[in-house]
């Protein structure tokens, strides 16, 4: 299967595994086809799966008390992720996960994910690298929200992840950049 081969390649980029370990890991992932706009996780639910996005896009987001969506993380193929805080703590999530496009993904359960951490030392190393990347990503995002103008954040997004701007709606991009849609429209027209 193409998705499992792509996952195999991605995992090996993070840490070296022997063929037996890699087969054991890949066998824990189940394929899913997610319809556009489907909710994979709602606020208040516990994140019980970790995802590899083979084709498509999912996002994690919050809804403010005023009812506004605030996108935290956009996962466009090939990428990995979930609502990490809930996944790690196994407590109810404050965020949602939804599919922004029809999405083909592979999912591993929380139970299998952490069983592999205990059984395969390199998977534990993989997990550590995921945590480091997640921390660094969130820290850079906070830094950009605090130190960069809307135009600078938009320019940074175009430079670092042009697929987002090409494929996603202004509503989602504005939510991710924490700007108004009107501001984004002005930035795009320049």
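The values are calculated or read from the model by the stated rules, or taken from the named source; none is laboratory data. Small disclaimer: the values here were computed from a predicted structure and weren't measured. So basically every Cβ, Gly included, is an ideal-geometry build from the backbone, and we count neighbours across all protein chains shown.
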Hey, any hits in the range 107-119 for a residue that's loosely packed, with under 14 Cβ neighbours inside 10 Å and in a loop (DSSP other than H, G, I, E, B)?
-> no
Residue 96 is checked against (1) at pLDDT 95 or above; (2) farther than 18 Å from residue 171 by Cα; (3) crowded, with 16+ Cβ neighbours inside 10 Å; (4) over 11 Å from the mean Cα position of the chain (by Cα) and fails just one. What number does that condition carry?
-> (2)
Taking the options 187, 148, name whichever one is more than 30 Å from residue 114 (Cβ to Cβ) and either touching a residue at least 12 places away in the same chain (Cβ under 8 Å) or touching a strand residue (DSSP E or B) at 6+ places or on another chain (Cβ under 9 Å) (or both).
-> 187
In the range 11-35, residue farthest from residue 127 (Cα to Cα) [restricted to those that are part of a loop (DSSP other than H, G, I, E, B) and modelled with pLDDT under 95] | 18
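Residue-by-condition table, conditions (1) in a strand (DSSP E or B); (2) over 15 Å from residue 127 (Cβ atoms); (3) modelled with pLDDT of 95 or more; (4) in contact with a helix residue (DSSP H, G or I) (Cβ under 7 Å, 6 or more places away or on another chain):
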{"position": "3", "(1), (2), (3), (4)": "no, yes, no, no"}
{"position": "9", "(1), (2), (3), (4)": "no, yes, no, no"}
{"position": "75", "(1), (2), (3), (4)": "yes, yes, no, no"}
{"position": "105", "(1), (2), (3), (4)": "yes, yes, yes, no"}
Inspect the range 77-86 for any residue being more than 25 Å from residue 145 (Cβ to Cβ) and outside any helix (DSSP H, G or I) and give the result as yes or no.
-> yes
In the range 176-190, what residues are over 22 Å from residue 78 (Cα atoms) and assigned to a helix (DSSP H, G or I)?
-> 181, 182, 183, 184, 185, 186, 187, 188, 189
Positions within the range 8-40 being farther than 22 Å from residue 133 by Cα, surrounded by 12 or more Cβ atoms within 10 Å (Cβ to Cβ) and either in contact (Cβ under 8 Å) with a residue 40 or more places away in the chain or not assigned by TED's automatic domain parsing to the domain that holds residue 125 (or both), in sequence order | 21, 24, 28, 30, 31, 32, 33, 34, 36, 38, 39, 40
